[in-house]
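See structure below.
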Amino acid sequence: EEKKRLSYQQKFEQAQHSVSKKLLETALAKESNLIASADVTTTKELLELAEKVGPHIIALKTHIDIISDFDYQNTIIPLKEIASKHKFLLMEDRKFADIGNTQELQFTSGVFRITDWADFVTSQVIGGFESLDCFKNVGVVAIIGMSSKGTLTSNNYREEALKIALSHPNVIGGVSQNPIPEEILLFTPGVNLADSGDGKGQQYNTPEHVFKTLHTDFIIVGRGIYKSENPEQAASQYKSAGWNAYLTSL
Ligand code: S5P
């Protein structure tokens with residue numbers, strides 16, 4: 001018999017961090033474990049996508065530095081309004097990868113001022129335990145393993161990265177293509193219902209696969225949604241596929 005996973009309710013009850021609680025609470029309320037990745041390059045596309053997929057997602061993942069007309073007032077303020085209207089969180093996929101002092105500057109300064117609006121951020125753990133101390137007011141999702149072909153996140157790297165992730169109080173979860181301990185949340189990108197790759201190294205799995213084999217908590221879907229002819233409908237499909245796969249894995 002296969003090992004059973006903890007339910008979102010059980011994880012909610014044992015969660016320590018306010019952002020973990022918020023994510024799990026949102027998942028239960030919306031019956032969704034879907035995070036849409038908004039890898040679009042203009043404010044208009046970002047806001048339109050957020051509005052369309054908002055009802056179906058628990059978080060919108062941004063790469064805010066690819067928005068060519070970024071402007072705090074015109075990009076972030078309306079994005080935050082849409083997020084609060086549709087009750088989803090904002091996840092900035094910055095993948096910090098430097099010493100603590102530099103990460104702190106990248107997190108708080110520049111035009112993006114990530115600290116002022118992101119609910120949680122991604123960070124590499126290559127800079128070591130203390131490099132994560134600066135992310136005090138947000139949750140950190142540590143990059144444990146990457147989805148791309150030829151990644152350097154070997155077994156040994158992942159083991160060491162997990163030690164940091166599990167012991168740091170700012171860390172709420174990890175990004176990985178392998179199972180991780182249930183004390184932190186598992187976020188899995190590289191999910192697509194139609195494709196197995198993108199010709200640029202990305203490797204895709206289905207929602208069924210990642211819930212069954214990894215016991216993932218949240219799926220991250222980019223092109224499967226924003227490149228679709230009908231992103232609203234695609235988000236709804238991924239939401240159902242993800243939720244059904246979760247229920248089946250219980
Ligand atoms: O290992 C990873 C980690 C991340 S966060 N592999 C990934 O693909 N990602 C991100 O997930 C990537 O930066 C992109 O924003 C998204 C996947 O997009 P898709 O279009 O391939 O679904």
Between Gln9 and Lys87, what length in nm is gained on full extension when 0.36 nm per residue of separation is reduced by their alpha carbon distance? 26.2 nm
Of Lys87/Lys136; Lys30/Lys80; Lys4/Lys149; Lys44/Lys95, which ones are farther than 21 Å apart at the Cα? Lys87/Lys136; Lys4/Lys149; Lys44/Lys95
To the nearest 500 deg cm²/dmol, what mean residue ellipticity at 222 nm is calculated for the chain from DSSP H runs of n ≥ 4 alone, each contributing -39,500 (n - 2.57), summed and divided by the residues? -11000 deg cm²/dmol
Whole Å is fine, so just give me how far the alpha carbon centre of the range 198-250 lies from that of the range 116-182. 21 Å
Per-residue counts of other Cβ atoms within 10 Å, averaged by peptide: what ranking do you get for 161-171, 51-61, highest first? 51-61, 161-171
What is the fewest-to-most order of Thr75, Thr26 by other Cβ atoms lying within 10 Å of their Cβ? Thr26, Thr75
Go through the range 105-113 residue by residue and turn each phi into a ³J(HN,Hα) via Karplus (6.51, -1.76, 1.60, θ = phi - 60°); whole Hz please, and just put x for glycine and proline. 5, 5, 7, 9, 10, x, 6, 7, 6
Cα-derived Rg over Rh, computed across the chain with Rh taken as Kirkwood radius: 0.93
Set of aspartates and glutamates near Lys200 by C-alpha distance (under 13 Å), chain-local residues within fewer than 8 positions excluded: none
Got the relative contact order for the chain handy, in percent, Cα pairs under 8 Å and 6 or more residues apart? 20 percent
Under 5 Å from the placed amide H of Gly197, counting only residues 5+ away or on other chains, we find Tyr204
Contact order normalised by length for the range 97-137, with contacts defined as Cα pairs under 8 Å and 6 or more residues apart; what percent is it? 55 percent
Burial ordering of Ile144, Ile76, fewest other beta-carbon atoms within 10 Å first: Ile76, Ile144
Please rank Ser20, Ser240, Ser68, fewest neighbouring Cβ atoms within 10 Å first, as an exposure proxy. Ser68, Ser240, Ser20
Would any residue of the range 234-248 have its amide N under 20 Å from a label point 7 Å out along Cα→Cβ of Asp195? List them or say none. 234-239, 241-242
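A short reminder: the numbers here are calculations on the coordinates, not readings from a lab. Not measured: the values here are computed from a predicted model. Counting neighbours? That spans all protein chains shown, and the Cβs are built from the backbone with ideal geometry, glycine included.
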